[in-house]
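Asker: Take a look at the following structure, please.
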Amino acid sequence: MLKTASLSDMGKKREINQDVVFSSELPVGNLPDLFMIADGMGGRNGGEFASGQTVSSIVRFCEDSPEENIEQILQSAISMANDAVFRQSREDKELEGMGTTLVACSIAGNLMKVANVGDSRLYLIRGRKITQITRDHSLVEEMVRLGEIDRSSARNHPKKNIITRAIGVTASVTADFFDVSLEKGDMVLLCSDGLSNMLEDEEIRMIMTAQRDIIERAEALVRAANNNGGKDNISVIILEPFADEVKHD
């Protein structure tokens, strides 16, 4: 049985929450389920509009799509959402330059399809190991990939918040897709950078495995991010794909 928990918090420094969380264990059109976090950017109203418009556009498209392939449904939905946000940013001066990250997944049996644009992340926690499945679309990640800086330097780099790909910023966008085979005992975490910038991956893993209750895990992650500064909005979705089939150590 799939078990889920989601939580979004404004953090300690922001005046509004521009993150939008969507979580559905039930089918959304031909998708067996759907989980998304969008982290908006662009002025006081722009980011909030971009993330909200993106999530609502994707849900509407998925509900109506006759397509049966999960990746094709999500890719088309993301393209449609990008069109809507980009068009609105061109029509409304107050929303000019807005955009949003997106991390999304859908689980069918033991296979999880993951999509991401930007630097919101999806992690897989398996036993004592945490793996970042998504790859950040950011300037600093590109510098790491090219060998210009190492991974430890990237964490506190002054340009770490510069995103190289986002929904709504350009006329078209391409999401990265990943397939993950799930096993009994696995836990999945979707999060905005308000969590991943405040906590090391190993801290995330320790919090996830220390709490037995899934809701307590979500609350503990948000609390730890706020205790470390809470510099941004913090959003998490936790999934336990086979919750009734195994007990965590």
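Asker: Farthest toward the dipole's positive end in the range 124-249, which of 166, 133, 220, given Cβ charges of +1 (Lys, Arg) and -1 (Asp, Glu) about the Cα centre?
Answerer: 166
Asker: Same structure, new question: Going 7 Å from the Cα of residue 111 in the Cα-to-Cβ direction, what parts of the range 168-183 have a backbone nitrogen less than 12 Å from that spot?
Answerer: What the label zone holds, given the 12 Å backbone N cut-off, is 179-182.
Asker: Return the distance in nm (one decimal) between the two label points of a simple spin-label model at residue 209 and residue 15, each offset 7 Å from Cα along Cα→Cβ.
Answerer: 4.3 nm
Asker: With labels modelled as points extended 7 Å from the Cα through the Cβ direction, what inter-label distance (nm, one decimal) is found for residue 64 paired with residue 142?
Answerer: 3.5 nm
Asker: Considering just Cα atoms, how many Å³ per residue does the convex hull of the range 3-240 enclose?
Answerer: Values: hull volume 27.7 nm³, N = 238.
Expressed per residue, the convex hull around the Cα atoms of the range 3-240 is 117 Å³.
Asker: Quick one: which residues, 5 or more positions from residue 110 or on another chain, have an amide H under 5 Å from its amide H? H modelled 1.01 Å from N in the peptide plane, none for Pro or chain starts.
Answerer: It is none; the list stays empty.
Asker: Shifting gears a bit: Would you calculate the separation in nanometres between label points at residue 135 and residue 151, each defined as 7 Å from the Cα along the Cα-to-beta-carbon direction?
Answerer: So the two model labels end up 1.4 nm from each other.
Asker: So for the range 62-187, averaging the separation of alpha carbon pairs under 8 Å that are six or more residues apart and normalising by length, what relative contact order in percent results?
Answerer: 32 percent
Asker: If r is the Cβ-Cβ distance from residue 162 to residue 72 and R0 is 45 Å, what FRET efficiency results, to the nearest 0.05?
Answerer: Between residue 162 and residue 72 the formula returns 0.90.
Asker: Further, regarding this structure: Is the range 178-249 rounded, prolate or oblate when judged by the Cα gyration tensor, a ≥ b ≥ c being the square roots of its eigenvalues, rounded requiring a/c under 1.5 and prolate requiring a/b larger than b/c?
Answerer: It comes out prolate by the Cα gyration axes.
Asker: Restricting attention to the range 118-213, which trypsin sites (Lys or Arg not before Pro) occupy a DSSP loop and are surrounded by at most 14 other Cβ atoms within 10 Å?
Answerer: 128, 135, 155, 159, 184, 212
Asker: Name the residue from 35, 58, 97 whose Cα lies farthest towards the positive end of the charge dipole of the range 19-107, charges +1 on Cβ of Lys and Arg and -1 on Cβ of Asp and Glu.
Answerer: Farthest towards the positive end: 97.
Asker: Please state the charge dipole magnitude for the chain, taken about the Cα centre, from unit charges on C-beta atoms (+1 on K and R, -1 on D and E), reported in debye and rounded to the nearest 20.
Answerer: Values: 28 positive and 40 negative charges, 137 e Å.
With only Lys, Arg, Asp and Glu charged at Cβ, the dipole is about 660 debye.
Asker: Farthest toward the dipole's positive end in the chain, which of 116, 1, 23, given Cβ charges of +1 (Lys, Arg) and -1 (Asp, Glu) about the Cα centre?
Answerer: In the chain, that residue is 116.
None of the figures in this text is laboratory data; all of them are computed from the coordinates on show. All values derive from a computational prediction rather than experimental measurement. All Cβ positions, even for glycine, are placed from backbone atoms using ideal geometry, and neighbour counts span all protein chains on display.
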